[in-house]
1. Kindly establish whether VAL100 is of a type in the set (A, V, I, L, M) and modelled with pLDDT under 95.
2. Counting just the residues of segment 6-38 that are within 13 Å of the chain's Cα centre (by Cα) and closer than 21 Å to ASN128 by Cβ, which one comes out surrounded by the fewest Cβ atoms within 10 Å (Cβ to Cβ)?
3. Return yes when GLU98 is in contact (Cβ under 8 Å) with a residue 24 or more places away in the chain, of a type outside the set (Ser, Thr, Tyr) and under 16 Å from ALA129 (Cβ atoms) and no when it is not.
4. May I ask you to list pairs of residues, at least six apart or on different chains, whose Cβ atoms are under 6 Å apart, with the first in segment 18-36 being within 16 Å of GLY7 (Cα to Cα) and touching a residue at least 40 places away in the same chain (Cβ under 8 Å) and the second being among the polar types (S, T, N, Q) and not in a helix (DSSP H, G or I)?
5. Determine which member of the set THR74, THR79 is among the polar types (S, T, N, Q) and under 12 Å from THR5 (Cβ atoms).
6. Given the residues ALA80, ALA89, which is the only one that is in contact with a strand residue (DSSP E or B) (Cβ under 6 Å, 6 or more places away or on another chain), under 19 Å from GLU127 (Cα atoms) and surrounded by 15 or more Cβ atoms within 10 Å (Cβ to Cβ)?
7. Mind telling me which of the residues ILE78, ILE108 ends up being more than 21 Å from GLN12 (Cα to Cα) and not in a loop (DSSP other than H, G, I, E, B)?
8. Which one is nearest to VAL4 (Cα to Cα) among residues in segment 83-105 that are out of contact with any helix residue (DSSP H, G or I) (no Cβ under 7 Å at 6 or more places or on another chain) and assigned to a helix (DSSP H, G or I)?
Amino acid sequence: MIFVTVGSQKFQFNRLLKEIDRLIDNKVITTDVFAQIGVSDYKPKNYSYKDFITQDEFKEYINKCEFVITHAGTGAIITALKNNKKVIAIPRLSKYDEHVDDHQIQLIDEFKELSLIEPVYEIKELENAIKNISNKEYSKYKSNTDKIIKDIEKYINQ
């Protein structure tokens, strides 16, 4: 199963949802798909979806899925990585009214540089990313929270 999540912000991500329908129509995707579609006004034709899901449902879909396709939101990406899931991330772009700016490109660049995700900068790249993700290895996510806390403690204690 593939879990698609577009987050809970006030912006649509119709471009991604339409492409997934196209890939199912063309038999590129042959497994079940579930999507959390947020405020997108495009309603998927070939897969199950809900506008919004609870945190418990989110965890359930993360646990069940083979991999995650998501917008470049750090919360969704990090949650998937912490659960040892492979991630395909696509930035929301301002030119499609998916966000106010293109900061998600920089987020994807950072995760890509660390070899943590499969980046998809243009929606037409999604097909190849889906075809190839099973055969690729990515770095394991390591939280730096402990290091940050130790650095803060060291600073305070000096």
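The values are calculated or read from the model by the stated rules, or taken from the named source; none is laboratory data. In this text, all values refer to a predicted model and were calculated from it rather than measured experimentally. Positions of Cβ are backbone-derived with ideal geometry, glycine not excepted, and every protein chain shown enters the neighbour counts.
1. yes
2. LEU17
3. no
4. Every condition considered, no pair remains.
5. THR79
6. ALA89
7. Exactly one of ILE78, ILE108 is more than 21 Å from GLN12 (Cα to Cα) and not in a loop (DSSP other than H, G, I, E, B), namely ILE78.
8. GLN104
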